[in-house]
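Only one structure is covered here, and it is reproduced in the block below.
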Amino acid sequence: MCGIVGAVAERNVQGILLEGLRRLEYRGYDSAGMAVLSADARLNRQRTMGKVAALDARLKEGPLNGSVGIAHTRWATHGRPSEGNAHPHQSGDSLAVVHNGIIENFESLKAELEGQGYVFTSETDTEVVAHLLAREFTRHRDLLMAVQRVLAMLDGAYALGVVHKDEPGVVIGARKGSPLVVGVGIEEAFLASDPLALLQVTDRFIYLKEGDVVRLSQKGTVEIFDHRGAMAERPVQVFEHGDGAASKGEYRHFMLKEIHEQPQVIAATLEGRLSERGVLVKSFGANAEVLFSRAKQVHIVACGTSYHAGMVARYWLERYAGLPTQVEVASEYRYRQVVVPEGTLFVTLSQSGETADTLAALRFAQHSGYLGSLAICNVPGSSLVRESDLTLMTQAGPEIGVASTKAFTTQLTALLLFTLALGKQRGMEEARQTAIITALRGLPTLLSQVLALDGQIETLSAAFAEKHHALFLGRGAHFPIALEGALKLKEISYIHAEAYPAGELKHGPLALVDSEMPVISVAPNDELLDKLKSNLQEVRARGGELFVFADEQVAINAEEGVHILRLPHVDEALTPILYTLPLQLLSYHVAVLKGTDVDQPRNLAKSVTVE
């Protein structure tokens, strides 16, 4: 993995491919490359280690001129980051391929090919695909047929882009378990792993289905074949977010921009989902009322930040809807014996809708006796959305920063809507539901008030500049928020951070507390406040420095070693959303002080489409 761009046009495609790679930089990568077919049908390639800027410099020295080409940014899965392992990979001087995903049976295929005389020059699984394609093309003299025959030999996940000098006006694409879209232009066509890569040339896209193979050729011809090899029709969809979504605008980093977009995107996520009396259940899908009325339990499966959102939802669902709820890390759920009680609704959370472990969990669940499935996702054409019974789309818009911010809070918003919808079915007190809905309508305004505290949070961040460890505490539904705060800090500042339920301090974590261990806590004005205050006293008694994000009505005073940031009062149900923002801002400012790459932290990728 990580990013694919391809083009068949009537003009030179080098600039289109390069700009597409720039727009995919947010995913994280270690090398970049491009292969272009020249007017005299020669295949020319440039590859570099490091950023797309390095490839740009190489291309200025040796341009690739031609109207057909493919390009790639790589995040290492097989083989160390190196120019020799960078994509595109070639077989001889005739064929080039770019690949996202993992070929699980590449070792046996490589042994077979080496026995037939093919020489490997990289450590990657992708080079196996290049040689297989070259072999099948030699046998059949048809690139589409070669791709279809090779796909039948591959185990694993992939999105592919392929060119061959003997079919100079063609790019072939294929997908299984990894996203790939077709961009539809005027007498030209494009291929990408993400629509954002192509917004400079088109806003019309075809989202390929699982198992699809596509042939792009001159004059913008697009031919799609399903997993059986039959011609298929796929709808053309207009991308909903403008090209400006991929720009930082006035902000220093995408992450800061996306933090500040949260009042708007949460308002957009609520729009059209609320009536005067409650949540519009049909916004989850035509069959939602039937499935929700039959639900007796909920299983939530997700990864990373989305998993933390699911943990918050467990508190909501059990408290307000009275439904037993289980939350699982997708990569663990897939590999254990799962007991599915009757009437269990399966819920997946994913920003991209292409997270490999979450998608595999959904496919497993479809054969495990669940009542039905619901996807809460940010990408309308994604695999998770297409393959679920019900969907609720968040309206976060494109999220470029690798560390998730607005995608997380819009997921929380969607999960609270889900809770209210189930609660209505199960007799939740109408007055309580009305109070939460009223608070939701006012939430964007309160979030803007929190963002106005940015300067104070930046001042607090200076205390972390020389720290190497941090401890986050929360109680109840705020324990997952503490986990999320710790994750953000470690992701972008590289400070080791852990989170615990505050009540667990005396069961081990207190051993870590000293003057060099800052302790961050969220303190909403709820029924657990007095318990939390006692826990914070335990920290102070051992010399720990406290940073407390507290409700403006909470009686906690600043003193030496205790720093307080006052947050606006909000309905208790909404506090997990509100208290997330200051933790995001704290992590951001600490990372800036540390001088790290905020938007593209080391070793991480935005969309994790492999296990």
Q: Quick one: L532 ticks every box in (1) at pLDDT below 70; (2) outside any helix (DSSP H, G or I) except a single one, so which number is it?
A: (2)
Q.
Within region 107-149, take every residue that is within 17 Å of S178 (Cα to Cα) and either among the β-branched types (V, I, T) or without any contact (Cβ under 8 Å) to a residue 60 or more places away in the chain (or both) and give me the one that is surrounded by the most Cβ atoms within 10 Å (Cβ to Cβ).
A. V129
(Q) Looking at the structure I just gave you, is L191 within 30 Å of Q584 (Cα to Cα), in contact (Cβ under 8 Å) with a residue 60 or more places away in the chain and crowded, with 16+ Cβ neighbours inside 10 Å? (A) no
Q.
Among the residues in region 546-562, are any acidic (D, E), under 28 Å from S448 (Cβ atoms) and modelled with pLDDT under 75?
A. no
**Q.** From A232, A174, residue being of a type in the set (A, V, I, L, M), surrounded by fewer than 20 Cβ atoms within 10 Å (Cβ to Cβ) and closer than 26 Å to E387 by Cα
**A.** A232
Q. Residues of region 41-65 being assigned to a strand (DSSP E or B) and out of contact with any helix residue (DSSP H, G or I) (no Cβ under 9 Å at 6 or more places or on another chain), which ones?
A. L43, N44, R45, M49
Q | strands (runs of 3 or more DSSP E) (entirely within region 443-529) containing at least 3 residues that are out of contact with any helix residue (DSSP H, G or I) (no Cβ under 7 Å at 6 or more places or on another chain) and surrounded by 17 or more Cβ atoms within 10 Å (Cβ to Cβ) | A | none
Q | Considering residues of region 563-610 that are surrounded by fewer than 16 Cβ atoms within 10 Å (Cβ to Cβ) and of a type in the set (D, E, K, R) only, the residue modelled with the highest pLDDT | A | D597
(Q) Would you confirm whether or not region 38-53 contains a residue that is touching a Ser or Thr at 6+ places or on another chain (Cβ under 6 Å) and in contact (Cβ under 8 Å) with a residue 60 or more places away in the chain? (A) no
**Q.** region 1-44 - residue that is of a type in the set (K, R) and under 25 Å from T202 (Cβ atoms) and, of those, modelled with the lowest pLDDT
**A.** R27
Q: Filter region 135-183 for residues that are part of a strand (DSSP E or B) and among the β-branched types (V, I, T) and give the result.
A: V162, V163, V170, V171, I172, V181, V182
Q | Pairs with Cβ under 6 Å, 6+ apart, first in region 431-442 and in contact (Cβ under 8 Å) with a residue 40 or more places away in the chain and assigned by TED's automatic domain parsing to the domain that holds T419, second hydroxyl-bearing (S, T, Y) and in a helix (DSSP H, G or I) | A | none
Q: Could you grab me the full set of residues in region 187-232 that are among the polar types (S, T, N, Q) and farther than 15 Å from G381 by Cα?
A: Q200, T202, S217, Q218, T221
Q: Kindly indicate whether E83 is within 22 Å of N44 (Cα to Cα), charged (D, E, K, R) and crowded, with 24+ Cβ neighbours inside 10 Å.
A: no
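Every residue, every condition in (1) among the acidic types (D, E); (2) under 22 Å from the mean Cα position of the chain (by Cα), yes or no:
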{"site": "R149", "(1), (2)": "no, no"}
{"site": "M153", "(1), (2)": "no, no"}
{"site": "V163", "(1), (2)": "no, no"}
{"site": "S193", "(1), (2)": "no, yes"}
{"site": "L196", "(1), (2)": "no, yes"}
{"site": "V201", "(1), (2)": "no, no"}
{"site": "E210", "(1), (2)": "yes, yes"}
{"site": "S217", "(1), (2)": "no, no"}
Q) Within region 407-417, is even one residue surrounded by fewer than 21 Cβ atoms within 10 Å (Cβ to Cβ) and within 30 Å of L362 (Cα to Cα)? A) no
Q) On the given criteria, is T269 touching a His at 6+ places or on another chain (Cβ under 8 Å) and under 18 Å from T391 (Cα atoms)? A) no
Q. Only one residue in A403, A375, A396 is surrounded by 24 or more Cβ atoms within 10 Å (Cβ to Cβ), part of a strand (DSSP E or B) and either among the acidic types (D, E) or touching a residue at least 24 places away in the same chain (Cβ under 8 Å) (or both). Which one?
A. A375
Q.
I'm told E83 meets every condition in (1) among the charged types (D, E, K, R); (2) more than 24 Å from Y118 (Cα to Cα); (3) part of a loop (DSSP other than H, G, I, E, B) except one. Can you identify the failing condition by its number?
A. (2)
Q) Which numbered condition trips up Y158, out of (1) touching a helix residue (DSSP H, G or I) at 6+ places or on another chain (Cβ under 6 Å); (2) surrounded by 18 or more Cβ atoms within 10 Å (Cβ to Cβ); (3) within 26 Å of S82 (Cα to Cα); (4) among the aromatic types (F, W, Y)? A) (1)
Q: May I ask you to list pairs of residues, at least six apart or on different chains, whose Cβ atoms are under 9 Å apart, with the first in region 322-347 being free of Cβ contacts under 8 Å to residues at least 40 places away in the same chain and the second being among the acidic types (D, E) and surrounded by fewer than 22 Cβ atoms within 10 Å (Cβ to Cβ)?
A: P324/E318; T325/E318; R334/E611; R336/E328; V338/E328
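The values are calculated or read from the model by the stated rules, or taken from the named source; none is laboratory data. Just so it is clear, the structure is predicted and the values come from calculations on it, not from any experiment. Positions of Cβ are generated from backbone atoms using ideal geometry, with glycine treated the same way; all protein chains shown enter the neighbour counts.
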